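Worksheet: one structure, shown below.
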Amino acid sequence: MYKSGDVILFHTRFKWFKPSSYLPWIIRKFTKSEYNHVGVVVSNWDQLFLNEAIGHGIVTSLLSDRLEGRQGEYVTLRSFKKINEKEFCSKANSILGKKYDKKSLLIYFPFYILFKRWAGSTKEQQDDKMTCSQYAAWCHDIENFSLVAPVDFLFNDDFEVI
């Protein structure tokens, strides 16, 4: 069912007793979306993995492990564009280990959402650090990937829910 290039949008449930759920809730409120996180599916060694940018950087994990027990908390999208899976995986894996862009998430995105003006890193600077949605958009060669939020994949005409 899954293949390289698929985009998975996640909804992290808010729990008042779990402070790590506060930021995802804030992201959903700012973006007016059900989803606060995104990752991309890649095939490595004939196994499916999910590559994503999280707090300590761009990482990969087995897709089955990442989706286990999360029924109803994610949606999968597939691009209408023809994707060369080997090239996609090579690009997506090429920056594993890069840092997470906390500054964009906490300062520049809220500023952009409120004032519709990007004050953050340029495209060239973002090869060093990215948020989850910037990483997924970069993997898919989306123009202005630095301005993409998880919800933007739902409204992008190049993707369909599968």
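Residues in segment 148-160 that are open to solvent by 60 Å² or more (accessible area, probe 1.4 Å) and farther than 19 Å from T12 by Cα: F155, D157, E160.
Filter segment 1-48 down to residues that are out of contact with any Leu (no Cβ under 9 Å at 6 or more places or on another chain) and β-branched (V, I, T) and give me whichever is least open to solvent (accessible area, probe 1.4 Å). Within segment 1-48, the match that is least open to solvent (accessible area, probe 1.4 Å) is T31. Is there a residue in segment 13-33 that is closer than 26 Å to L96 by Cα, touching a residue at least 12 places away in the same chain (Cβ under 8 Å) and touching a Gly at 6+ places or on another chain (Cβ under 7 Å)? So far as segment 13-33 goes, no, none of its residues is closer than 26 Å to L96 by Cα, touching a residue at least 12 places away in the same chain (Cβ under 8 Å) and touching a Gly at 6+ places or on another chain (Cβ under 7 Å). When R117, R78 are screened for being closer than 20 Å to Q47 by Cα and among the charged types (D, E, K, R), only R78 passes.
When residues in segment 79-91 are screened for being closer than 18 Å to D152 by Cβ and open to solvent by less than 50 Å² (accessible area, probe 1.4 Å), 1 of them pass. I need every pair where a residue in segment 42-63 that is under 14 Å from V7 (Cα atoms) has its Cβ under 8 Å from the Cβ of a residue that is open to solvent by 50 Å² or more (accessible area, probe 1.4 Å) and of a type in the set (F, W, Y), sequence separation at least 6 or different chains. Close Cβ pairs satisfying both conditions: L48/Y2; L63/Y2.
The values are calculated or read from the model by the stated rules, or taken from the named source; none is laboratory data. Everything numeric here is computed off the predicted structure, so don't read it as measured data. Methodologically, a virtual Cβ is constructed for each residue, glycine included, from the backbone with ideal geometry; neighbour enumeration extends over all protein chains shown. Keep in mind that these areas ignore ligands, DNA and RNA; they rest on the heavy atoms of the full protein, side chains included. Shrake-Rupley method; radii C 1.70, N 1.55, O 1.52, S 1.80 Å.
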